[in-house]
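Input: one structure, supplied below.
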Amino acid sequence: MNIEIQKNIAEALANKAPVVALESTLITHGLPYPDNIETAKSLENIVRTAGATPATIAVIGGTVKIGLSDDDFEILGNAKDVHKLNAADIPICLAKSGHGGTTVAGTLLCAHKAGIKIFATGGIGGVHRNVQNTWDISQDLESLTQYNVAVITAGAKAILDLPKTLEYLETKGVPVIGYGTDEFPAFWTRKSGLGLSWRIDTPDEAAQIIKTRDNFDTQGGIIIANPVAEDQSLPMAEMEKIIDRALKDADTQNISGKEITPYLLKRVRELTEGKSLAPNITLLENNARLAAKIAVACSGPNQSA
Ligand code: PSU
Ligand code: MN
């Protein structure tokens, strides 16, 4: 199979030591150069410092790489011909010997194949606003129903229709658990006004849930929603205006499909004059740290996850 697991990650997995998967679309399509590479490497360091092994996942030259070299990071951060890979795109990119950053959907597939059960990202994709006209629902949601991986995220990006995203997850049986919050976080802001049924406050509680689900043989993943830090949270009313404007601009320029999420993120960054970048990076770091703590708790005594 075209899947290559870095030696230290393979060893950690064989020893049931804590491993955290990290996605790579944030490098290829989410953040500007050179913040993208710096952030991806800082996420790996944060995971290591918290006692787990990081596993950034991408496709390089037609191989799924679980764990990247410095050269791989440069290819993803710089090359022009780098694809955005959902789960469905991965075998095609492999067949064509291409490079690509894996989205949450793509990373879930690869993490599952490698046997990694904890995954940190920034914000998952979801049901887009205006879905009744576009039918645009991120493959992230579908992959969450398929692979038993816990995803640590700062909620879904506020560019989406958050109530519909939560309804979709409920219908599909993907539990959403607030970490230190009773509300679904909205990426750049801590609050969305949308209540969650379940809340946890410690990594141990997360590990208990992951282990219990495993023993119960439940299908699909779970979402652990970790809000952006209080001092980084951007005001919701201000963000709403900016998102509205970005959506109008996307419409005027006829942007749709795979391009819409990267376009909106970039446009929001421009319209906030870069103010959205710092919270975006900090929330990624917080999610990586929490994911590592959960992975450590999962591999502790009596935790077979
Ligand atoms: N969050 C970010 N930056 C990103 C993404 C999320 O801060 O680039 C990416 C993730 O990889 C997510 C993808 O899986 O956007 C969703 O894209 P779409 O809406 O096209 O499914
Ligand atoms: Mn889409």
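The values are calculated or read from the model by the stated rules, or taken from the named source; none is laboratory data. None of these values were measured; they are calculated from a predicted model. FYI the Cβ positions are ideal-geometry reconstructions off the backbone, even for glycines, and counts take in every protein chain you see.
Looking for something small (Gly, Ala, Ser), under 16 Å from Cys298 (Cβ atoms) and out of contact with any Ser or Thr (no Cβ under 8 Å at 6 or more places or on another chain) - is there at least one such residue anywhere in region 23-43?
No, there is no match, as no residue in region 23-43 is small (Gly, Ala, Ser), under 16 Å from Cys298 (Cβ atoms) and out of contact with any Ser or Thr (no Cβ under 8 Å at 6 or more places or on another chain).
Gly274 versus (1) at positive phi; (2) touching a helix residue (DSSP H, G or I) at 6+ places or on another chain (Cβ under 9 Å): which is the lone unmet condition?
(2)
Across region 119-151, what is the number of residues that are closer than 23 Å to Ile294 by Cβ and more than 7 Å from ligand 1 (Cβ to nearest atom)?
13
Additional query: Which one of the conditions (1) surrounded by fewer than 19 Cβ atoms within 10 Å (Cβ to Cβ); (2) more than 16 Å from ligand 2 (Cβ to nearest atom) does Asp251 fail to meet, given that it meets all the rest?
All conditions pass for Asp251, except number (2).
Follow-up question, since we're still on this one. Can you find even one residue in region 199-208 that is touching a Cys at 6+ places or on another chain (Cβ under 9 Å), over 24 Å from Gln139 (Cβ atoms), assigned to a helix (DSSP H, G or I) and of a type in the set (Gly, Ala, Ser)?
Residues of region 199-208 that are touching a Cys at 6+ places or on another chain (Cβ under 9 Å), as a first pass: 203, 206-207.
Narrowing further to those that are over 24 Å from Gln139 (Cβ atoms): 203, 206-207.
Among the residues that remain, those that are also assigned to a helix (DSSP H, G or I) are: 203, 206-207.
Those left that are additionally of a type in the set (Gly, Ala, Ser): 206-207.
Within region 199-208 (the criterion being touching a Cys at 6+ places or on another chain (Cβ under 9 Å), over 24 Å from Gln139 (Cβ atoms), assigned to a helix (DSSP H, G or I) and of a type in the set (Gly, Ala, Ser)), the answer is yes, since at least one residue qualifies.
Spot the failing condition for Gly274; the list is (1) touching a residue at least 24 places away in the same chain (Cβ under 8 Å); (2) part of a loop (DSSP other than H, G, I, E, B), and only one is missed.
Of the numbered conditions (1) touching a residue at least 24 places away in the same chain (Cβ under 8 Å); (2) part of a loop (DSSP other than H, G, I, E, B), the odd one out for Gly274 is (1).
Can you tell me how many residues within region 118-132 are in a strand (DSSP E or B) and not small (Gly, Ala, Ser)?
5
Tally time: how many residues in region 221-248 are under 16 Å from Thr153 (Cα atoms) and crowded, with 17+ Cβ neighbours inside 10 Å?
Qualifying residue count for the region: 10.
In region 122-148, how many residues are away from ligand 2 (no atom under 16 Å from the Cβ) and crowded, with 24+ Cβ neighbours inside 10 Å?
1
OK, next. Going through region 249-260 one residue at a time, which ones are touching a helix residue (DSSP H, G or I) at 6+ places or on another chain (Cβ under 8 Å) and assigned to a helix (DSSP H, G or I)?
Answer for region 249-260, where residues must be touching a helix residue (DSSP H, G or I) at 6+ places or on another chain (Cβ under 8 Å) and assigned to a helix (DSSP H, G or I): Asp249, Ala250, Ile260.
Check whether at least one residue in region 254-268 is touching a Phe, Trp or Tyr at 6+ places or on another chain (Cβ under 9 Å), within 16 Å of ligand 2 (Cβ to nearest atom) and of a type outside the set (S, T, N, Q), and report yes or no.
yes
Considering only residues that are touching a Gly at 6+ places or on another chain (Cβ under 8 Å) and either at pLDDT below 95 or within 19 Å of Ser233 (Cα to Cα) (or both), which ones fall in region 197-222?
First, the residues of region 197-222 that are touching a Gly at 6+ places or on another chain (Cβ under 8 Å): 198-201, 207, 219-220.
Correct list: Gln219 only.
Give me the pairs: first residue in region 48-71 and closer than 27 Å to Pro203 by Cα and free of Cβ contacts under 8 Å to residues at least 40 places away in the same chain, second residue in a loop (DSSP other than H, G, I, E, B) and not basic (Lys, Arg), beta-carbon distance under 7 Å, and six or more apart or on different chains, which are they?
Thr56/Ser24; Thr56/Gly67; Thr56/Leu68
If Glu273 meets every condition in (1) touching a Ser or Thr at 6+ places or on another chain (Cβ under 9 Å); (2) more than 16 Å from ligand 2 (Cβ to nearest atom) apart from one, which number is that one?
(1)
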